[in-house]
1. In the full protein assembly as shown, how much of Y606 is accessible to a 1.4 Å probe, in Å² to the nearest 10?
2. Lysine pairs, Cα distance under 24 Å, 8 or more residues apart or cross-chain: how many in segment 531-663?
3. Counting only residues 5 or more places away or on other chains, whose amide H sits under 5 Å from the amide H of S85 once H atoms are built in the peptide plane?
4. Report Y545's accessible area, 1.4 Å probe, all protein chains in place, as a number in Å² to the nearest 10.
5. Add -39500 (n - 2.57) for each DSSP H run of 4 or more in the chain, then divide by its residues: what number comes out at 222 nm, to the nearest 500 deg cm²/dmol?
6. Measuring with a 1.4 Å probe in the full set of protein chains, what accessible area per residue, in whole Å², belongs to segment 618-731?
7. Averaged per residue, what accessible area in Å² does segment 192-351 show with a 1.4 Å probe, protein chains only?
8. Explain nothing, just the number: relative contact order of segment 618-731, from Cα pairs under 8 Å at least 6 residues apart, as a whole percent.
Amino acid sequence: MDSLTLKRRSVMKAMAGTAMVTTPFFNTTANAAEDSGEWTGFSICDNCNQVPSCGIKFTAKGNYICGVENWKENPRHVLCSKGLSTLQRLYNPNRLLYPMKRTNPKGSEDPGFVRCSWQEAYDTIAKNLTEIKAKDGADAVMFYAGDPKEPRPPIMRLARYFGSVHWGSESSVGCRAACMQAEMLTWGRPSQGTMPGPKTKSFLVLATNVWSRPLGWWKTLMKAKENGCKIIVIDTRNTKTAQFADIHLAPRVGTDSALAMGIIRVLIQEDLYDKDFVSKWCHGFDELKAYCDQFTPEKTEEITGVPADLIVKAARMYAEGPGSFALTSQSLTHNTNGVNNARALLLIPCIMGYIDVPGGVMFPTSPKGLQACGMGLQPKFYEAKWWNAKAQKDRRLDKDFVPVWHDMMIPFSPNQLPEHVKAGKIKAFCGWGFNVLIWPQPQEYAEAIKNLKFAFAADYFYRKESHRDMDLILPAAMNFERYAPFGSYGAKYAVRTPVKPQGEAKEDWRIALELGCILDDPKHFFDGDPVKACNAILKEWGGNYEEAAAALPAVSNLQCAKNEPRKFEKGKLRPDGQPGFNTPSGKIELFSTRTAKFGFEGLPVYKEMMKPDARFNLRLINGTRKPYITHSKTRGDTPYLLELEPRSMIHIHPEDAERRGISDGDEVLITSQFGGPVKALAEVSILVPVGTVDSQYGWRGKEDTQQLIPRQWDPLSGYAPYFEVNVEVKKAEGASK
Ligand SMILES: Nc1nc2c(c(=O)[nH]1)N[C@H]1C(S)=C(S)[C@@H](COP(=O)(O)OP(=O)(O)OC[C@H]3O[C@@H](n4cnc5c(=O)[nH]c(N)nc54)[C@H](O)[C@@H]3O)O[C@H]1N2
Ligand SMILES: Nc1nc2c(c(=O)[nH]1)N[C@H]1C(S)=C(S)[C@@H](COP(=O)(O)OP(=O)(O)OC[C@H]3O[C@@H](n4cnc5c(=O)[nH]c(N)nc54)[C@H](O)[C@@H]3O)O[C@H]1N2
Ligand code: SF4
Ligand SMILES: [Mo]
């Protein structure tokens, strides 16, 4: 018997009978679960996944959760429609509850999935991955997580110990990480801005949709306005936030770099910027000044569509600051000049010197090394050093595709998966929450999955378009059924008291850790126990899962340095302790030495978007957020949300609708140069400006708008132009209301 088989056996033995972990502090819950008494529990919502997750308090009878409400001690505690309806998802009869294996050859319309045991599933995975590693090397196995952010830390650890550098996630396909990249290029760390406080005089909302934020976001904004803070919204559409703003600048999609340069020019010409801060702490001001000179208010109006006088007015208003901003968006980066568009806007608070000052953009202090869960949670846990070492970096397949991204980010860009599979460089795929509809031209990614030697995915549901050609599908436990990860809110953390998973579902952390125990040393994987893994992370910051559970409903604290302004002066923003910022020049980079090093422009320059023509004459924003939709997920999983919007809808301006003979509620066909026609219902609305339509991505079949998007990329991030393409919209033949 080989050592792999031995390890597998011992793990399976240890797992036998562990339907529920029996750590002592769970006894009350576990007993309650058995005797069907009523009890109160706590969990974290994972439905919109991008925000720090909201806390949920629930009432259960035995193992059955019968009600959810706001967990008011949690820093995020106002549940939205999606959070409140997670119970419908939990008890959806279509849930995937058992491991499934295919019985028909790949490519068959019916894959013939049948139930199998976890033992068989793990054996199959171990056998295939070990064989591929022996023959083609560990890098031929790709590890991936889609939008779900919670499972990522142990998957990264699994990839690292398996030895594959090919870890990719939705953040490296196309989410907020390209904005993060813009932030890092500018001041050397991620910062999506600081919500306005008592000292904030002006606040820029950068392409952030109120419907994408937790409800508390809107309340903070309303309060700031009441306190006299001026709100400037830069958003192509006439959103709720835009209507409430003091000034709404509505640039055409993808023209934000021109708008930013126009604003910067006013600030420089009128001597409103912070000269002292710029000369001491910024790199590249002269280049910026020379470049922005061409963006006169009139020229900027011509490019962006924003009236010249409004540009001047907004610049002056922001100069009244201290001012801050919110860049929680993904939208700015979803075009072929995306990172530059985001970077250019970030330079506005920089030249105003609003950086790390009260009322401005305060970089928060967090427990040392704490990162967003989606980026791995803790460098020590996912072993950042290993990922960043040259030996690993050099092997990554995205090195030539996106050199700047490759240089600075840990997840590799998986957007060339079809090419890598064709070239025989990727042979196997291990996915958690995998959805082909995330990509433009999804059929090419589905084809790539089909052509792999081996693929599995863990999910809540069986998704035909993504899973049909996989070898195995594993049932993932939902948020109410899992311990890991804890909710993380700066220096505070919140733990969960889960119910027992339905069927044979397992939490993602457990699946990744158990696979680690089988493929590597169980000691590296906390014997497969998610709570032990959380404790290894929390220990670094003085936290502990059991103690935090005993303190519920209160949330607990982690060790964290006190925040103070102007940390850059005291060497607190750089790993070497020197004053300045963590960029190659040590300063805020108005001109990026990093992008220049790779042959790109150092300044965040303006570039023209794809041109409309006589036929394809409406710009499509393919995927803006709505309060009751999350990506592709909420459509079939949650009947309540589906009831609110049962079909793909597009917004079209009344003038554009009239010109095309389209009335509210008509069925329309959308076509682009790259695909279609795709069906949707029209909602005639001034939410969108003339010349622009918006849609929801994530609908399936004839409503799948991803067919309209080409596989073209922003060379800095590798992101697709989801929001750049021009389309034709016409009334469907015989369409009626
Ligand atoms: N309800 C809900 N909330 C969510 C999600 C969800 O699916 N549903 N998803 C979560 C995730 S993963 C993410 S990444 C975030 C995304 O969060 P956001 O980026 O805030 O959401 P979007 O609605 O895509 O875009 C924000 C705004 O950008 C504007 N916009 C589009 N293109 C441009 C442009 O070129 N320039 C300017 N200035 N404005 C532009 C749009 O009009 C829109 O109002 O939301 C998170 N929250
Ligand atoms: N056209 C267009 N494309 C886009 C975007 C856009 O705005 N427009 N937005 C981009 C952005 S910002 C994002 S974040 C992505 C969305 O990223 P996707 O990965 O496409 O997100 P989802 O549709 O939520 O699908 C995720 C899958 O994960 C499963 N799942 C959910 N939670 C869990 C979990 O905890 N564990 C496991 N194992 N599975 C789970 C769901 O059932 C679903 O099958 O799309 C990107 N693509
Ligand atoms: S905003 Fe809504 S969906 Fe997002 S975490 Fe909070 S309750 Fe869940
Ligand atoms: Mo996202």
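The values are calculated or read from the model by the stated rules, or taken from the named source; none is laboratory data. All of these numbers come straight from a predicted model, not from anything done at the bench. Here Cβ is always computed from backbone atoms with ideal geometry, including for glycine, and neighbour counts include all displayed protein chains. Protein only, heavy atoms only, side chains kept; ligands, DNA and RNA dropped before computing areas. Shrake-Rupley method; radii C 1.70, N 1.55, O 1.52, S 1.80 Å.
1. Answer for Y606: close to 60 Å² accessible.
2. 10
3. So S85 has HN proximity to no qualifying residue.
4. Ignoring ligands and nucleic acids, Y545 comes out at about 0 Å².
5. When only DSSP H runs of four or more count, the value is -9000 deg cm²/dmol.
6. Roughly 33 Å² per residue, with all protein chains present.
7. Computed with neighbouring chains in place, this is 35 Å² per residue.
8. Reported as a whole number, the value is 37 percent.
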